Amino acid sequence: MKVGFIGVGNMGGPMCRNIIRNTNHEVVVFDLSPDAVKACTELGASAGTSVADVASRCDVVITSLPIPKVVEEVTLGPNGIAASAKPGTTFIDLSTNSPATARRVHEGMQAKGIQMLEAPVSGGTVRAADGTIVIMVGGDAKVFEQQLPLLKSFSGDVVHVGEIGMGSTAKLINNMLAFCNAAAAAEALMIGKRSGIDLRKLDAVIRNASGMSAGYANLATKVLAGNFAPTFALDLAHKDMRLALEMADELGVPGLIAPQVMSLMRMARGMGLGGDDSASVMRVYEAALQEQVRAEAKA
Ligand code: NAD
């Protein structure tokens, strides 16, 4: 089978490389970044010349793109996937979108005889690289069954959550929760810093105690090392939180916690940190208190 992969950045890159390593499929990649493409062609993929080129010659086309606007351009735009892929092609979007975007893209694909799964992922770049990422899939059950071997080739857990839109719904709820945990972790670490406790020891306690969460672990690892190079950019986290809050509003759920975390993200972006890692919410506290939360790694 020929598999096209469009958007091979922080997440798409490692997932695409796992497909190359773990299957016999012929893989064709396209990305606006030549370096991102090179990291996949070095492993045996071939480079497509455009979205239309990849879409027109593959049986399955996968995307992992930054924001809904780009997803809509690449899928429904004049030279996009819907306009270029053959009827009978399957399109799988791994990006994080709103349920409404997923449904709109699905309608555009259906009109051209293209089947679609929305399949957002969770686990960050580490689990994308080690092949244990979680995939939550929305779409037709038959298409899901057809594509399960491919999805399993680069993930640890694949859950079919329902019709198109439900994958994005699960993803936005999950991320809202993770960002709230991460923001609470930032506040906790600043209290720890001010208290004078050994931050390495505090961290060791939390990692084995009831305060532990993926949000805590990710933020603490980056903050204590002072490493804010983006594996998950604050701009993308802010996009996810905005979509989650829109969903909460549409459903009439009044938020108390998530809107506060959104304000924290807005402040961090206002400080010019949008391109840095989402753990940069810590730096709002650091700027306010003129104090950094860092700890030397254990020798
Ligand atoms: P990224 O910016 O690292 O990668 C996106 C890639 O898409 C880039 O290489 C970029 O050059 C490429 N691209 C952009 N526009 C394009 C176009 N028109 N045509 C072809 N390529 C194009 O972002 P990422 O962190 O890999 O995130 C991708 C998606 O996965 C996002 O929707 C994000 O919310 C989601 N996600 C990210 C993480 C994470 O930890 N980074 C975790 C789960 C989900």
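The values are calculated or read from the model by the stated rules, or taken from the named source; none is laboratory data. Keep in mind that this is a model prediction, so the values were computed, not measured. Cβ placement follows ideal geometry from the backbone for every residue including glycine, while neighbour counts extend to all protein chains displayed. Heavy atoms of the whole protein, side chains included, go into the accessibility calculation; ligands, DNA and RNA do not. Shrake-Rupley method; radii C 1.70, N 1.55, O 1.52, S 1.80 Å.
Scanning region 256-298 for residues that are touching a Pro at 6+ places or on another chain (Cβ under 8 Å) and open to solvent by less than 10 Å² (accessible area, probe 1.4 Å) turns up just one, ASP277.
For (1) at pLDDT below 95; (2) aliphatic (A, V, I, L, M); (3) open to solvent by less than 20 Å² (accessible area, probe 1.4 Å); (4) part of a loop (DSSP other than H, G, I, E, B), each residue gets a yes or a no:
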| position | (1), (2), (3), (4) |
| --- | --- |
| LEU43 | no, yes, no, yes |
| ASP53 | no, no, no, no |
| GLU72 | no, no, no, no |
| ALA82 | no, yes, yes, no |
| ILE92 | no, yes, yes, no |
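When ILE173 is tested against (1) assigned by TED's automatic domain parsing to the domain that holds ILE20; (2) open to solvent by 30 Å² or more (accessible area, probe 1.4 Å), only condition (1) is not met. Flag not set for PRO87, criterion: within 10 Å of the ligand (Cβ to nearest atom), more than 17 Å from the chain's Cα centre (by Cα) and over 30 Å from ASN174 (Cβ atoms). Of all residue pairs spaced 6 or more apart or on separate chains, none has beta-carbon atoms under 7 Å together with a first member in region 51-79 that is on the phi > 0 side of the Ramachandran plot and a second member that is in a helix (DSSP H, G or I) and of a type in the set (Asp, Glu).
When VAL143, VAL121 are checked against the criterion of being within 13 Å of ALA170 (Cα to Cα) and either within 15 Å of the ligand (Cβ to nearest atom) or in contact (Cβ under 8 Å) with a residue 40 or more places away in the chain (or both), VAL121 stands alone in meeting it. The set of residues from region 55-81 being more than 9 Å from the ligand (Cβ to nearest atom) and in contact with a strand residue (DSSP E or B) (Cβ under 8 Å, 6 or more places away or on another chain) comprises ALA55, ARG57, CYS58, ASP59, VAL60, VAL61, ILE62, THR75, ILE81.
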